[in-house]
Number of protein chains: 2
Amino acid sequence: MTIGDHLRKLGVDSWLIGKTHMKADAEGMERLGISRDSVIGARVSECGFDIYERDDGLWAEGPSGFYDNKRSPYNEFLKSKGCEGENPWRDYANAADDGGDMASGWFMRHASKPANIAEEDSETPYLTSRIIDFLEESKDKGPWLCHASFIKPHWPYIVPAPYHNMYGHNQIQPVVRHSSERDNPHPVYAQFQNNAIGQAFSRDEVLETVIPAYMGLIKQCDDQLGRLLEYMERAGRMEDTMIVLTSDHGDYMGDHWLGEKDLFHQPSVKVPLIIYDPDEAANGTRGTVVDALVEAIDLAPTFVEASGGVVADNILEGRALTPFLHGKQNINWREFAISEYDYSATPMCANLNLEPREARLFMVADERYTFMHAEGGFRPMLFDRQEDPDEFFDLGESEAHTAVIAEMYDRLARWGRRMSQRTTISDVEIESRRGGAEEVGIFIGVFDESEVDTKYTASLTGPSKKRPNNET
Amino acid sequence: MTIGDHLRKLGVDSWLIGKTHMKADAEGMERLGISRDSVIGARVSECGFDIYERDDGLWAEGPSGFYDNKRSPYNEFLKSKGCEGENPWRDYANAADDGGDMASGWFMRHASKPANIAEEDSETPYLTSRIIDFLEESKDKGPWLCHASFIKPHWPYIVPAPYHNMYGHNQIQPVVRHSSERDNPHPVYAQFQNNAIGQAFSRDEVLETVIPAYMGLIKQCDDQLGRLLEYMERAGRMEDTMIVLTSDHGDYMGDHWLGEKDLFHQPSVKVPLIIYDPDEAANGTRGTVVDALVEAIDLAPTFVEASGGVVADNILEGRALTPFLHGKQNINWREFAISEYDYSATPMCANLNLEPREARLFMVADERYTFMHAEGGFRPMLFDRQEDPDEFFDLGESEAHTAVIAEMYDRLARWGRRMSQRTTISDVEIESRRGGAEEVGIFIGVFDESEVDTKYTASLTGPSKKRPNNET
């Protein structure tokens, strides 16, 4: 069940614009006879969304062909603008012109150069235009959800002028790392420190080149969001549209000697979440900040409630954020948040001599501690964010924290026992099914007819039926 | 993915004859556009089987109508034999003729009376005939699996002559129960002791009436299995057919002050499992007994291997029993078995003031101990089957067993973290995906072109592309 399935039941369409890095289960669809050409099949192929414009933004090509077998609407757009070749995403939007030479954004030393493209034709403004197109087309239609998903900031790290040199290396935040982190690190952490990404992002030269470009990419998003919000204000959409800004993960950018997103330190897991709720019930909370442990899985239930529905909480594990938006007091909220990571398809799994299914990580984080369990027989990791807000000192082997670690394992176990089998029947339906067996003629544990009301026994008493004559 | 889905990939059909107490997810099928009238939809509606003859054998009727909205092929058979009325299952096969009065099998005091039906027309012989019909029709067809599922022994507890009085109350095994079990029982256990079933099966009169009939029902199964095996020998099917005899659960029949199947004592969870494997590799193990902790979930993988397939162990949690059948030594087998139970739809859930999702039980059993965790904040149950083979003394509060209980919780937690997300991609596929990113043009963590083989950088270097003239 996808977000689209939950919302369509409530008469709300679900649209996708931009990136959503999901691949359809072709074998499963074939098994169930679901064709991609059907409306249902198209939705199943696209995480349950209807597609306004999907562009996953990774149009890499090598000797074995394209990384992604779909085709990019953005590339078609660039071609329509006169860009040459089959892959202007690669050759223009993600490369600089370095005095006549192509300087590909795939190689981070070029990150500070301007992408070889007019700013308004680069990925973020392009997608923003498509979002505005969607809003314009939808303005007289019924309610909708739109998953508008920017591609950048993301590698290849490159941004067009004027964003490429809007920030200097003297403006980047100090890297959050400590020499102690390289001293006896957890074996999984060690792998990520020592892979190509970790090694690259441990070099100051890399950070000084990449981070200003990354900041430029973020600033470009900010500006484009400004453009979008301006449109929405003009069009009257701010009165009837809930807006949620969030991200699927952060980027270490050198913090903890890492790049990318592969572990559970704050730079990776603590993603932005800004919610604008036009409901006047939210007036009292505008501009306020909530510190509760919310998770991305809380968004689907939030949208269900915002659409006037009842959350199918036998399916959806998250919880609607409505009480926070409406300023409810004393909300009985979760005590810990969970995150999972599967690195089985990486060389780190092989380096650690793990089976693919052992290459899985689980985070349990509460308001004070971040704990990580790694399958495969490793010790856990533990950070006390109160005493060590930068998460430099791994307490996974600390005798003094045995009880904290046990509590974290207990929480992980509790989560592991969460209800995941009864997805087709709600609690309400379960409750309505209780009792009433005798109404459909079922009597279990009844020795004598007299134990049961005669209205139920009428058809089970009286003259015996006559055996057929033709009986053998 | 059902057993049928796994086997059909291997060219093996999967057929159902008899009972399988499963209800299709109508809403899910509608959402995915799967019609029951299609072959795929019919299979989805029937646990992945093709139906030779499904008869769930619970054709109860009350003031609100039938318990089961399907219709019984067995009832049609009885009508064709001249039985009167719409529900001869109820009126003949599950009732006695008590001197002209109907004595319904729903009321256990009648269990010792003979069902008002010729033995060969009763449920077990009828289904056996249908299984033989299937075998006869399939003898020139490709390989198949047949889930041949008898309805009885089951309530209504009643059996035709001569089985109804083949056993006397002096032949029943002593009931396995102890007064200490009623002293401070686990709250969930207490509920099951005290419901109508537990109360009935705590009465000697009930046991003395029901158990001889139950024994008769088992003896009838034995005889019908004999008939089936005789047919198979005559037809040459013993040379090419693996036969597995098992059950979905046992019946307490008064043991531990319980009836039915609702907890995890041995009478409930230790089901029969007899496997006949015609493969000559199994010659060395014929007639032998294996004490390993095998589970019903091991059968699907066993059938996949017997069909020459490779077990999709990213989907199937069980393990093929082939090594046991083939007499392999030093098999590295599981240390514990798991069982789950959901009693949310029962009054016991309400009596305990639990939310439906708290009405769930988990068993962890190893070679020595049986442990039960109940959601809802209860203490666990623990039995030491070595010291207490009858499971009379619940050690769930024993200080001396803190470590055992902790180990059981640890195992349950490990099970809770089992791989359940990556069902579409096998380990082999995961391994094949490792590395090779540069083959499709992906470079992460690369600062300088020189770090990469030139064959990968060719399309990313050279003259820069010319910007279009029509650029804004």
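Across peptide A:107-118, the mean count of Cβ atoms from other chains lying within 10 Å of each residue's own Cβ comes to 3. Could you tell me what % of all Cα pairs in region A:165-287 have separations over 20 Å? The share of Cα pairs beyond 20 Å in region A:165-287 comes to 56 percent.
Considering every residue in B:427-440, what mean count of other chain Cβ atoms within 10 Å of its Cβ is obtained?
Values: counts 4, 1, 2, 9, 6, 1, 4, 8, 4, 2, 3, 5, 6, 10.
Across the residues of B:427-440, the mean count of other-chain Cβ atoms within 10 Å is 5.
Projected onto its three principal axes, the C-alpha set of region A:1-63 covers 46, 28, 17 Å, listed from the longest axis down. Overall shape: prolate for region B:250-337, with the ratio a/c of the largest to smallest alpha carbon gyration tensor axis at 1.5 or above and a/b above b/c. With only Cα atoms counted, region A:100-228 has Rg and Dmax values of 18.5, 61 Å. Only Cα pairs under 8 Å and 6+ residues apart enter the sum, and on that basis the relative contact order of chain A stands at 11 percent. The convex hull defined by the C-alpha atoms of chain B has an orientation-averaged projected area of 35.6 nm². Average 1/r across all pairs of distinct alpha carbons in region A:34-74, invert it, and you get the Kirkwood radius: 11.6 Å.
Compactness check for region A:99-142: Cα Rg over 2.2 N^0.38 Å is 1.76.
With semi-axes defined as the square roots of five times the eigenvalues of the C-alpha gyration tensor, the equivalent ellipsoid of region B:27-119 measures 34, 14, 11 Å, largest first.
Coupling constants for region B:315-330 follow from the phi torsions by the Karplus curve (6.51 cos²θ - 1.76 cosθ + 1.60, θ = phi - 60°), and in residue order they are 10, 7, 7, x, 10, 4, 8, 3, x, 5, 4, 8, x, 5, 9, 6 Hz; glycine and proline get x.
Overall dimensions of region A:335-472, expressed as equivalent-ellipsoid semi-axes from the Cα gyration tensor (√(5λ), whole Å, largest first), are 59, 21, 13.
With the alpha-carbon atoms of region B:231-299 aligned to their principal axes, the span from lowest to highest coordinate is 46, 27, 20 Å, starting with the largest. Per residue of peptide B:456-462, the mean number of Cβ atoms on other chains within 10 Å of the residue Cβ is 6.
Cα gyration tensor of region B:396-472, axes a ≥ b ≥ c as square roots of the eigenvalues: rounded (a/c below 1.5), prolate (a/b > b/c) or oblate? It comes out prolate by the Cα gyration axes.
Any idea what the relative contact order of region A:1-145 is, in percent, if you count C-alpha pairs under 8 Å spaced at least 6 apart?
Working: 169 pairs, mean separation 33.2, N = 145.
Dividing the mean separation by the residue count of region A:1-145 yields 23 percent.
Over the residues of the protein assembly as shown, the helix contribution to mean residue ellipticity at 222 nm works out to -8000 deg cm²/dmol, using -39500 (n - 2.57) for each DSSP H run of at least 4. Here region A:78-161 is described by how far its Cα atoms reach on the three principal axes: 50, 25, 21 Å, from widest to narrowest.
Averaging over all projection directions, the Cα-based convex hull of region B:258-404 occupies 11.4 nm² in the image plane. Note that region A:436-450 has calculated 3J(HN,Hα) couplings of x, 4, 5, 5, 10, x, 9, 10, 10, x, 9, 8, 10, 3, 5 Hz, one per residue in order, obtained from phi through the Karplus relation 6.51 cos²θ - 1.76 cosθ + 1.60 (θ = phi - 60°); glycine and proline are x. Applying the criteria of a DSSP loop state and at most 12 other Cβ atoms within 10 Å to the trypsin sites (Lys or Arg not before Pro) of region A:70-122 yields A:Lys70, A:Arg71. Backbone amide hydrogens, once placed in the peptide plane, bring A:His147 within less than 5 Å of A:Trp15, A:Leu16, A:Ile17, excluding anything fewer than 5 places away on its chain.
Note on region B:24-40 and region A:365-382: Cα centroid distance 42 Å, given to the nearest whole angstrom.
With a ≥ b ≥ c the root eigenvalues of the C-alpha gyration tensor of region B:314-370, is it rounded (a/c under 1.5), prolate (a/b larger than b/c) or oblate? Don't skip to the answer; put the middle values down first.
Numbers: a/c = 4.35, a/b = 2.72, b/c = 1.60.
It comes out prolate by the Cα gyration axes.
Where Lys and Arg each count +1 and Asp and Glu each count -1, what net charge lies around A:Asp97 among other residues with Cβ under 9 Å from its Cβ? Walk me through the intermediate numbers first.
Working: positive: A:Lys113, B:Lys465, B:Lys466, B:Arg467; negative: A:Asp98, A:Asp101.
Within the 9 Å Cβ shell, the charges total +2.
From the alpha carbon centroid of region B:253-317 to that of region B:101-177 is 23 Å. Across every direction, the projection of the convex hull enclosing the Cα atoms of the protein assembly as shown has a mean area of 44.8 nm². Across region A:203-333, C-alpha contacts under 8 Å between residues 6 or more apart give a mean separation that, scaled by the residue count, equals a relative contact order of 18 percent.
For region A:235-336, applying the loop criterion from DSSP together with a ceiling of 16 other beta carbons within 10 Å to the chymotrypsin sites (Phe, Trp or Tyr not before Pro) yields A:Trp333.
Modelled spin-label separation between A:Asp291 and A:Glu136, with each label point placed 7 Å from Cα along the Cα-to-Cβ direction: 4.5 nm.
Every read-out reported here was derived from the displayed coordinates using simple, explicitly stated rules and does not represent laboratory data. Fair warning: this is a prediction, and the values are worked out from it, not measured in the lab. Ideal geometry is used to build each Cβ from the backbone, glycine not excepted, and the neighbour counts take in all protein chains shown.
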